[in-house]
1. Which one of these is surrounded by 16 or more Cβ atoms within 10 Å (Cβ to Cβ), modelled with pLDDT of 95 or more and in contact with a strand residue (DSSP E or B) (Cβ under 9 Å, 6 or more places away or on another chain): A:202, A:113, A:189?
2. Kindly indicate the residue of the range B:44-66 that is surrounded by 21 or more Cβ atoms within 10 Å (Cβ to Cβ) and free of Cβ contacts under 8 Å to residues at least 40 places away in the same chain and also nearest to residue B:24 (Cα to Cα) among those meeting that condition.
3. Away from every other protein chain (no Cβ under 14 Å), surrounded by fewer than 22 Cβ atoms within 10 Å (Cβ to Cβ), assigned to a strand (DSSP E or B) and touching a residue at least 60 places away in the same chain (Cβ under 8 Å): is that true of residue A:104 in this structure?
4. Within chain B, which helices (runs of 4 or more DSSP H) (wholly inside it) include 1 or more residues that are within 11 Å of the chain's Cα centre (by Cα)?
5. List, please: which pairs have Cβ atoms under 6 Å, are six or more places apart or on different chains, and start with a residue in the range A:53-70 that is free of Cβ contacts under 8 Å to residues at least 40 places away in the same chain and end with one that is buried (at least 16 other Cβ atoms within 10 Å of the Cβ) and outside any loop (DSSP other than H, G, I, E, B)?
6. Based on what the data block shows, is residue A:231 under 17 Å from residue A:150 (Cβ atoms), touching a residue at least 40 places away in the same chain (Cβ under 8 Å) and in contact with a strand residue (DSSP E or B) (Cβ under 9 Å, 6 or more places away or on another chain)?
7. Can you name every one of the strands (runs of 3 or more DSSP E) wholly within the range A:188-295 that holds 3 or more residues which are out of contact with any helix residue (DSSP H, G or I) (no Cβ under 7 Å at 6 or more places or on another chain) and on the phi < 0 side of the Ramachandran plot?
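The values are calculated or read from the model by the stated rules, or taken from the named source; none is laboratory data. Keep in mind the model is a prediction, meaning the values are calculated, not measured. Methodologically, a virtual Cβ is constructed for each residue, glycine included, from the backbone with ideal geometry; neighbour enumeration extends over all protein chains shown.
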């Protein structure tokens, strides 16, 4: 049986990958989307999303599920498989564990993983009160004191969500000002979230489960859980395997058309150099990458 | 009969995958029942307190917590087989 050749192989099942898939398929490209079964997009960890057009309020996991459903309806073949390497050539070969796929173009939309705090106790209490996903684990701590660590949109939305379901939230942030949208900061303040600013977490302590968080000024906050949301680390190992250029901060360098330095390989979303990392910007990136891939494949 | 009980939340993106795994495991073995509880519910909160659940998905076989977080199918299967033998 002859090998199946795709016009476009998209790696990553988050907003950028799904958006790229919808556009690529609708433009008539035979499209495969590889979504790693053991990696979740940042959007899937998001609490209530209130800034994505068309949805007044929606959980991140629900939004991404809808995007995947729409991509599949558009004709994208979706495979739950982790891509392990990309070999560049006339055709691009994407290897997964046990299989390989050939494509005329590739869009890397591997996103970013949550950044770890790197403090004592973090690994020891993972799953025992240390969490990186408030909508997932938050309901386990209703009525209990928790810390949210971070100052971006994600951290503030975690704080608002947790306070809203009945947790007593203290938000710890290293600066006086926030990177988060002002609307979110105001919402957190008005909902009763306590702000501990210009402080950072130094240690997470407990016996069997998390019992307290020690700050850099040695003060102690007694809590049942800590939700860490202090940024992200781009997933660029796959891009490196294909010789794609990575910048000094470890993000993929792309042109305005989302082309990388390797012809036929494009990149979109949180894994790329971009001033903003939002779901709406990721879907926009995916769209541009898909249209550029279409132009590349059709020789435009 | 041995019960596999999966505790999950509605917004947990790993939980649907874990649920599919548990159902698939149960289909291929005799003497297994599957129970699924959303811990967001008042009934679910009882299990949170009883089993000191701190992360979802959490999977119990009988009364024992055998998996916390994204489950490993091989170790989950061996925990179920062990419970069936006893």
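1. Residue meeting the stated conditions: A:202.
2. Residue satisfying both the conditions and the ranking: B:55.
3. Criteria met by residue A:104.
4. So the answer is B:15-27, B:73-85.
5. If the second residue must be buried (at least 16 other Cβ atoms within 10 Å of the Cβ) and outside any loop (DSSP other than H, G, I, E, B), the pairs left are A:57/A:48; A:58/A:49.
6. Working: under 17 Å from residue A:150 (Cβ atoms): yes; touching a residue at least 40 places away in the same chain (Cβ under 8 Å): yes; in contact with a strand residue (DSSP E or B) (Cβ under 9 Å, 6 or more places away or on another chain): yes.
So residue A:231 passes the test.
7. Details: elements: A:194-197, A:201-206, A:210-215, A:220-222, A:225-228, A:232-234, A:265-267.
Because the criterion is at least 3 residues that are out of contact with any helix residue (DSSP H, G or I) (no Cβ under 7 Å at 6 or more places or on another chain) and on the phi < 0 side of the Ramachandran plot, the strands (runs of 3 or more DSSP E) in the range A:188-295 that meet it are A:194-197, A:201-206, A:210-215, A:220-222.
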